[in-house]
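A.B. asks: Below: one structure in structure tokens.
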Amino acid sequence: MAVKNVRIGIIGAGENTRVRHIPGFRAIAGVEIVGVVNSTPESSQRVAQEFSISRTYPDWQACIADPDVDAVMIGTWPNLHCEVTCAALNAGKHVLTEARMARNVGEARKMLAASQAHPELVAQIVPSPFGLKHLDYVQQMIHGSYLGELREVVVISVDDMFWDYTQPLHWRQDADISGYNTLSLGIIHETLSRWVPLPTRVYAQTATFEPTRPVFGKQEPGRVTVPDSVQILTQFENGARGIYHISGVDLCGPGRQIHLYGSNGTIKLEFGETERLYAGRRSLPLSEIVIDPDKLGDWRVEAEFVGAIRGEEQVRLTDFETGVRYMEFTEAVILSGRTGQAIDLPLK
């Protein structure tokens, strides 16, 4: 049986789109990238030439209006995700949008409503890449009672990305662009949420140690409007407790880790150049678990998106409902940090 041809338009062609998404789509039989639009006509043309894409568009609206486009890949910054997603769905296009889902919960809920109004269309968010290798294996360990009753969670995402305050203001430090997406909080929390119950309460403190940064082409410095350090206490539906340490200003920090502590055992994941899984129980010291390569998961975002369009599979990672839940968590963290009060979830 012949596969259904899928024609894709690219809106925003940053590094992740060029490195992952375009090659991923081109590797799938029957998929054609028909056009691209980037931030400027010059950059659109460069991407088109690099990947032999036949069309460029003057703006994202033209891409959505193209009758030859069945689906759009949105690789822009978060400040455009809501507007472009809703317009694309209303125009009858399937949507794969880059993470984070949106700038805030209000925008995320608009996107969810637009997808629910068009159930015949696929609406997917690019998932966190962390934990994909061990996703199913860890789920099997949890369901098989290796962990027992979940009691405590530790989430660490610490690096020195923004330690050097002489470097120019990054778009991730501008709330007008990135919204409530503090550092890597959303992406690491999304990873955790694949294995644990939903959070029901957060209490957070935030700090911005360097409040200004240079701005390209301007004499006056720009204001950092996204915290560069976050500590969070959480509660989960089953009564478990959690501690998060998220920072972009720590030299020689521990990187990214997730620890799950249960009544029967412990599971620990480290996300570095290679993803590592450790486990231990009372009679078994914590040690690395090496899994057969054929049992490991991998990145298949573009294949899942196209498979869902063709009716061959459902979106597993990540649908809009899941996106709204992690957006509620990241927004609750900011609200708690601002008010000094615990915030209950889901957000009203």
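A.B. asks: Here are some residues: GLN139, GLN124, GLN116. Which one is surrounded by 15 or more Cβ atoms within 10 Å (Cβ to Cβ) and either of a type outside the set (Ser, Thr, Tyr) or in contact (Cβ under 8 Å) with a residue 40 or more places away in the chain (or both)?
C.D. replies: That would be GLN124, the only listed residue that is surrounded by 15 or more Cβ atoms within 10 Å (Cβ to Cβ) and either of a type outside the set (Ser, Thr, Tyr) or in contact (Cβ under 8 Å) with a residue 40 or more places away in the chain (or both).
A.B. asks: Residue check, SER283 against (1) within 18 Å of the chain's Cα centre (by Cα); (2) closer than 24 Å to ARG151 by Cα; (3) modelled with pLDDT under 95, all met but one. Which one?
C.D. replies: Just one mismatch for SER283, condition (1).
A.B. asks: While we're on this one: So, in the stretch 1-52, of the ones that are surrounded by 13 or more Cβ atoms within 10 Å (Cβ to Cβ), under 23 Å from the mean Cα position of the chain (by Cα) and of a type in the set (Gly, Ala, Ser), which residue ends up modelled with the lowest pLDDT?
C.D. replies: GLY14
A.B. asks: Just give me the residues in the stretch 254-275 being in contact with a strand residue (DSSP E or B) (Cβ under 7 Å, 6 or more places away or on another chain) and modelled with pLDDT under 95, in sequence order.
C.D. replies: The answer is GLY272, and nothing else.
A.B. asks: Test SER193 against the criterion of being of a type in the set (S, T, N, Q), surrounded by 21 or more Cβ atoms within 10 Å (Cβ to Cβ) and under 17 Å from MET327 (Cα atoms), and give yes or no.
C.D. replies: No: the conditions fail for SER193.
A.B. asks: Follow-up. Looking at (1) touching a helix residue (DSSP H, G or I) at 6+ places or on another chain (Cβ under 7 Å); (2) farther than 28 Å from ASP319 by Cβ; (3) buried (at least 19 other Cβ atoms within 10 Å of the Cβ), which is the only condition VAL249 fails?
C.D. replies: The number of the failed condition is (1).
A.B. asks: Continuing with this model, one more query. Do we find that LYS133 is of a type in the set (D, E, K, R) and crowded, with 18+ Cβ neighbours inside 10 Å in this structure?
C.D. replies: In short, yes.
A.B. asks: Do you know which residues across the stretch 276-326 are of a type in the set (Gly, Ala, Ser) and touching a helix residue (DSSP H, G or I) at 6+ places or on another chain (Cβ under 8 Å)? Steps first, please.
C.D. replies: Initially, the stretch 276-326 is screened for residues of a type in the set (Gly, Ala, Ser), giving 279-280, 283, 287, 297, 303, 307-308, 311, 323.
If the condition is that a residue be of a type in the set (Gly, Ala, Ser) and touching a helix residue (DSSP H, G or I) at 6+ places or on another chain (Cβ under 8 Å), then ALA279, GLY297, ALA303, GLY323 are the ones that fit.
A.B. asks: Moving on. What tally of residues in the stretch 142-161 results from selecting those that are on the phi < 0 side of the Ramachandran plot, touching a residue at least 60 places away in the same chain (Cβ under 8 Å) and either surrounded by fewer than 19 Cβ atoms within 10 Å (Cβ to Cβ) or small (Gly, Ala, Ser) (or both)?
C.D. replies: 9
A.B. asks: Still on this structure: Within the stretch 305-317, can you find the residues that are within 17 Å of the chain's Cα centre (by Cα) and either hydrophobic (A, V, I, L, M, F, W, C) or buried (at least 21 other Cβ atoms within 10 Å of the Cβ) (or both)?
C.D. replies: PHE305, VAL315, LEU317
A.B. asks: Is there a residue being in contact with a strand residue (DSSP E or B) (Cβ under 8 Å, 6 or more places away or on another chain) and free of Cβ contacts under 8 Å to residues at least 60 places away in the same chain anywhere in the stretch 69-83?
C.D. replies: Kept after step one, since they are in contact with a strand residue (DSSP E or B) (Cβ under 8 Å, 6 or more places away or on another chain), are these residues of the stretch 69-83: 69-76, 80-81.
When the remaining residues are screened for being free of Cβ contacts under 8 Å to residues at least 60 places away in the same chain, the result is 81.
Checked against the condition, which is being in contact with a strand residue (DSSP E or B) (Cβ under 8 Å, 6 or more places away or on another chain) and free of Cβ contacts under 8 Å to residues at least 60 places away in the same chain, the stretch 69-83 yields at least one hit.
A.B. asks: Another question about this same structure. Considering the stretch 98-148 alone, what residues qualify as being β-branched (Val, Ile, Thr) and either over 19 Å from ILE188 (Cβ atoms) or part of a helix (DSSP H, G or I) (or both)?
C.D. replies: VAL105, VAL122, VAL138, ILE142
A.B. asks: Restricting to the stretch 162-190, give me the number of residues that are at negative phi and either among the aliphatic types (A, V, I, L, M) or buried (at least 20 other Cβ atoms within 10 Å of the Cβ) (or both).
C.D. replies: Here the count works out to 17.
A.B. asks: Now for a different question. Filtering the stretch 81-113 down to residues that are more than 25 Å from ARG300 (Cα to Cα) and of a type in the set (A, V, I, L, M, F, W, C), which residue is surrounded by the fewest Cβ atoms within 10 Å (Cβ to Cβ)?
C.D. replies: In this case the residue turns out to be ALA113.
A.B. asks: So in the stretch 167-190, with the set limited to residues that are part of a loop (DSSP other than H, G, I, E, B) and free of Cβ contacts under 8 Å to residues at least 60 places away in the same chain, which one is nearest to CYS82 (Cα to Cα)?
C.D. replies: ASP174
A.B. asks: Need the failing condition index for GLY239 against (1) assigned to a loop (DSSP other than H, G, I, E, B); (2) touching a residue at least 12 places away in the same chain (Cβ under 8 Å); (3) over 22 Å from PHE162 (Cα atoms), just the number.
C.D. replies: Only one criterion in (1) assigned to a loop (DSSP other than H, G, I, E, B); (2) touching a residue at least 12 places away in the same chain (Cβ under 8 Å); (3) over 22 Å from PHE162 (Cα atoms) is unmet by GLY239, namely (2).
The values are calculated or read from the model by the stated rules, or taken from the named source; none is laboratory data. Since the structure is predicted, the reported quantities are computational estimates derived from the model, not experimental observations. Here the Cβ is made from the backbone with ideal geometry for all residues, glycine too, and neighbour counts use every protein chain on show.
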